[in-house]
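Chemist: I have a structure here, written as structure tokens, and I will follow up with some questions on it.
The values are calculated or read from the model by the stated rules, or taken from the named source; none is laboratory data. Just so we're clear, the structure is a prediction, and the values are computed from it rather than from any experiment. Here the Cβ positions follow ideal geometry from the backbone for every residue, glycine too, while neighbour counts run over all protein chains shown.
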Amino acid sequence: MSHETVYAIASGKGGVGKTTTTVNLGTALAEAGERVAIVDTDLGMANLAGFVSLTPDSTTLHDVLAGDASIDDATYRLADNIVAVPSGTNLDEYAETSPEGLRDAVEALRSQFDYVFLDVGAGISHETVLPLGLADAVILVSTPEPAAVHDTKKTIELTDRSGGSVAGLVLTRTHPDGDISHDDIADRLEVPLLGTIPEDPAARDSVYAGTPLVVFEPEGPAAIAYRRLATTVTGVEVPVPADDDGDDETDNESTTTVAGSASDDDGREAAHDDVSSAITEAESDP
């Protein structure tokens, strides 16, 4: 198993599948029995709020960073072995946050979970740079499009300046007949290529269904790719369904069902009616 347990999932450009990657990596590892926390560190534009039943007075990461709540108060169970820490959507609350408190929050989660994934906001700001240095390693997410790759260079620079290290690159929405080699893209960025996630219509369908892709269509090409990516990143053996060519050695005989998952002791549980809107907005092309 990798000694790294806290990963920042980052991109220089919005709409490349960063939140989708965060959710599916976490879910794949949870299905394999690992305890996982996913944290929305985009304090200004919350991406994970749709995963939990938030009322106007619900506790979020905003409250934690404002010093008004503990990280446990802002943790919501999504399914067996996986929880989410959402950011709030209230701009007034955002103004009261102190991003520096994120270090203590991450360390608290590190002590409770096997893996912690930080969903980092795109762009350049203090709250974007901070998670890059707090994580054990940064996973870069990009499409093969030139603009997205160019912005990924900026994220690499930000990671260097923050004292962080890059684990490697994940290319999403790939096509087998693309104009440029995926390995060449990684070579140009001078980072390892961790994996590629093929274009898959089921990805958007899973968003509207309010279910992570690896659960929604576990035998689809993108879901299989995410499972393989989880193993590549962490070293954890994540079951992969046999594909049409029979190349996979392990059948996935059971999957974690997100819908109807158990709530935690305080009654906080996953809400799926609003997932599609939250993730669709986060992953829509600008």
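Chemist: Considering only the range 152-176, state which residues are of a type outside the set (S, T, N, Q) and buried (at least 19 other Cβ atoms within 10 Å of the Cβ).
Modeler: Answer for the range 152-176, where residues must be of a type outside the set (S, T, N, Q) and buried (at least 19 other Cβ atoms within 10 Å of the Cβ): Ile156, Leu158, Gly164, Val166, Ala167, Leu169, Val170, Leu171, Arg173.
Chemist: Quick one: in the range 110-127, of everything that is among the aliphatic types (A, V, I, L, M) and either in contact with a Gly (Cβ under 7 Å, 6 or more places away or on another chain) or buried (at least 23 other Cβ atoms within 10 Å of the Cβ) (or both), which residue is modelled with the lowest pLDDT?
Modeler: Ala122
Chemist: So, one more: Under 8 Å by Cβ, and 6 or more places apart or on different chains, what pairs join a residue from the range 136-153 that is over 13 Å from Ile180 (Cβ atoms) with one that is acidic (Asp, Glu)?
Modeler: Cβ pairs passing all conditions: Asp136/Glu4; Ala137/Glu4.
Chemist: Out of the residues in the range 44-75 that are modelled with pLDDT under 75 and of a type in the set (A, V, I, L, M), state the one that is nearest to His3 (Cα to Cα).
Modeler: Filtering the range 44-75 for residues that are modelled with pLDDT under 75 and of a type in the set (A, V, I, L, M), the one nearest to His3 (Cα to Cα) comes out as Leu48.
Chemist: If Leu130 passes every condition in (1) over 19 Å from Asn47 (Cβ atoms); (2) modelled with pLDDT under 95 but one, which one does it miss?
Modeler: (1)
Chemist: Restricting to the range 55-69, count the residues that are under 19 Å from Glu100 (Cβ atoms) and without any contact (Cβ under 8 Å) to a residue 12 or more places away in the chain.
Modeler: 2
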